[in-house]
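Comments concern the structure below.
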Amino acid sequence: MSEHPEDSSCEIPGGPPADDRRHRQFDGEAWDGVSPRVYKLGGSSAPGAAWQDVARHTLAGGAGEPMAFQLRYFEIEPGGYSSLEKHRHVHTIVVLRGAGRVVVGREVFDVAPFDFVYVPPNIPHQFVNAGAETFGFLCPVDADRDPPQPLTTEEIHDLLGYPKVREVVRIAEDMGSGIRDPGSETHVVIARGAAPKQSP
Ligand code: MN
């Protein structure tokens, strides 16, 4: 049985259509019969829970296909970013369009089309659009998986000790002010608000 936490990016109602189409044509914005969905439902005030301008297209999995994974495609618009989170299940992504920066633990990778990124279990991660165009990537994931966990204050403190991470990571404004050292200049980019913005 799958877990179906309502606040998981991966378990939102409205997966792929339960039809038996073998081919879905891409029209430049979406695939035949696949509606882009909001990235996550429900707000959270947890550190790193904020996200902005992310849409999810679930192409396969969860609609009765005999498969143990889901094939998803995400798009993050300019200025947008996914939540900073961790979980036991891994991520593998392949970039299809645009430019991004991916925080994987204490590292940051600048990525371009066809680049691949692996996020190991329980490693904090965040996907950030780094350009003026849509940043899009494939992200297949286990069908049965644990829900994302917010980071602890200590984990965020640790990450912010790494200059490249500090430069790239997006966290909620209240958390940012709470962890900033008033005596030092910070390069943390503070996200505005933690309320999810619904994507088309
Ligand atoms: Mn994740």
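The numbers here are math on the coordinates, done by the rules we state, and not lab data. Since this is a predicted model, take the numbers as computed values, not measurements. Here the Cβ positions follow ideal geometry from the backbone for every residue, glycine too, while neighbour counts run over all protein chains shown.
Sparse packing (at most 16 other Cβ atoms within 10 Å of the Cβ) combined with a DSSP loop state is found for the following chymotrypsin sites (Phe, Trp or Tyr not before Pro) in region 43-142: Phe114.
Computed from point charges on the beta carbon alone (+1 for Lys and Arg, -1 for Asp and Glu), the dipole magnitude for region 72-131 about its Cα centre is near 200 Debye.
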